[in-house]
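Worksheet for the structure shown next.
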Amino acid sequence: MKVLVINAGSSSLKYQLIDMENEAVIAKGGIDRIGLEGSKLKHKANGEETVIEKDMHNHEEAIQLVLETLTDAKVGVISSMDEIGAVGHRVVHGGDKFACSVKITDEVIEMMESLIDLAPLHNPANLQGIAACKAVMPNTPMVGVFDTAFHQTMPAISYIYGIPYEAYEDFKVRRYGFHGSSHRFVSARCAEILGKKPEELNIVSCHLGNGSSIAAVKGGKCLDTTMGLTPIEGLPMGTRCGNIDPALIRFLMNKYNMTIDEMDSYLNKKSGMLGISGVSSDFRDLSAAAEAGNKRAQLALDIFCYNVKKFIGAYAAAMGGVDAIVFTAGVGENDDVVRAGSVTGLEFLGAKMNYELNKTVHGKETIVSTDDSAVKIVVIPTNEELVIARDTAELANL
Ligand code: ADP
């Protein structure tokens, strides 16, 4: 049976069709600029890419085009929509209502709607994707997989902020964490690679991409993570500030005469690697600029690695030791210099990197620590779509 995985953004929609017999991706693609001029679909199947330019006014038209393309006589991969056994939706915020994936019902949709406050940019788009699929394929079961779900095992000492407790009671202000499907996938895979049960391991999972977060995974369960109420907390990222002194918000709003919305954009879109370097949010651009002698690009990279290292140390302390450090996502899988910079100096913890081997590893599952390293350092490509597809197939009883 085949599962369609949907990741709906406010003006974009990504999809993968996965054959659950062998977990192979049969087709994948994305649509940009939904509701805007110049919307188009890029579809990849059988090693070929097809681009379809068509005005799509809403998510329903977008899903319709995805289904037409998947069943198209020329570039399609299935003969009819009936071959799609279920649809799995990525949902960014599950609040404290969803600790695992769920089959989508009207009641679940209502619960998701009640969480819009917590993720005003993401959840409405996810809900639009769900509504569009429901309209176009009303009889196909759907499952919601939440970025926050894996982190619901965190204890209160990890998720309660140092502000009046009423903010938690009244408005559910607390740490939630994100990238949960990725941390769940790579930490489980890490245990498999090391031939251990997840219960036996303390893992620090480093999801380093455009958005980055680190999770302390103790015995297969999340104990703590760097992102918080929203995905801006923790590490400085491509364009997000990460941890800052909250007092600088008022200070800079006064100095720059900014509104709260301008401040929000400043911290989310103009900060992090981009803000520090003044060059780019992309680590490839930063490395090139640093190599060419740009000091601020080098500083941005150094700050990033220093922060990754600090959290690895903090989480080793929180878990009472660490058995494995995992690197995943765009930067973690590909950028050997960032990986090396993030673990240099952690020999005291028992983490020794094989630097020569590390240099050669890009996007491939590999243990990059030395044979005698007590702490294993492992590169594992993440696969959030597969997590969504597996949960969907299970919950839809495929
Ligand atoms: P997200 O899903 O958060 O948008 P990704 O996990 O796809 O991000 O990571 C994107 C980032 O990964 C890019 O901004 C880029 O900096 C980095 N990246 C991708 N490939 C490489 C590479 N070969 N070397 C260094 N960095 C890379």
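Some points to look at:
- Region 105-118 - residue that is in contact with a Phe, Trp or Tyr (Cβ under 9 Å, 6 or more places away or on another chain) and of a type in the set (A, V, I, L, M, F, W, C) and, of those, modelled with the lowest pLDDT: LEU118
- Taking first residues from region 254-269 that are closer than 10 Å to THR239 by Cβ and partners that are among the polar types (S, T, N, Q) and outside any helix (DSSP H, G or I), the Cβ contacts under 6 Å between residues at least 6 apart in sequence or on separate chains come to LYS269/THR239.
- Residue in region 383-390 that is within 14 Å of the ligand (Cβ to nearest atom) and under 23 Å from ASP285 (Cβ atoms) present: no
- Residues of region 50-93 that are surrounded by fewer than 17 Cβ atoms within 10 Å (Cβ to Cβ) and small (Gly, Ala, Ser): ALA73, SER79, SER80.
- Residue ID - nearest to PRO231 (Cα to Cα), chosen from residues in region 144-172 that are of a type outside the set (Val, Ile, Thr) and part of a loop (DSSP other than H, G, I, E, B): ASP147
- In region 124-140, the count of residues that are crowded, with 24+ Cβ neighbours inside 10 Å, in contact with a Lys or Arg (Cβ under 8 Å, 6 or more places away or on another chain) and either at pLDDT below 95 or not in a helix (DSSP H, G or I) (or both) is one or more.
- Enumeration of residues in region 236-285 that are under 23 Å from ASN123 (Cα atoms) and either within 15 Å of the ligand (Cβ to nearest atom) or in a loop (DSSP other than H, G, I, E, B) (or both): MET237, GLY238, THR239, ARG240, CYS241, GLY242, ASN268, LYS269, LYS270
- Condition met for VAL322 (in a helix (DSSP H, G or I), in contact (Cβ under 8 Å) with a residue 24 or more places away in the chain, in contact with a strand residue (DSSP E or B) (Cβ under 9 Å, 6 or more places away or on another chain) and closer than 19 Å to THR225 by Cβ): no
- Single match in GLY363, GLY345 (criterion: more than 13 Å from the ligand (Cβ to nearest atom), in a loop (DSSP other than H, G, I, E, B) and under 24 Å from ALA290 (Cβ atoms)): GLY345
- Filtered residues of region 325-342 (kept if in a strand (DSSP E or B) and near the ligand (Cβ under 10 Å from one of its atoms)): THR328
- Any chance ALA300 is of a type in the set (A, V, I, L, M) and in a strand (DSSP E or B): no
- No other residue among GLY272, GLY332 is touching a Pro at 6+ places or on another chain (Cβ under 6 Å), crowded, with 20+ Cβ neighbours inside 10 Å and closer than 17 Å to LEU235 by Cα apart from GLY272.
- Selection count, region 201-231, where residues are part of a loop (DSSP other than H, G, I, E, B), buried (at least 20 other Cβ atoms within 10 Å of the Cβ) and either within 16 Å of the ligand (Cβ to nearest atom) or charged (D, E, K, R) (or both): 4
- Pairs are defined by a Cβ separation below 6 Å, a sequence spacing of at least 6 or placement on different chains, a first member in region 191-208 that is farther than 23 Å from ALA329 by Cα, and a second member that is surrounded by fewer than 24 Cβ atoms within 10 Å (Cβ to Cβ) and of a type in the set (Lys, Arg); no pair meets this definition.
The values are calculated or read from the model by the stated rules, or taken from the named source; none is laboratory data. All values reported here derive from a predicted model rather than from experimental measurement. Positions of Cβ are backbone-derived with ideal geometry, glycine not excepted, and every protein chain shown enters the neighbour counts.
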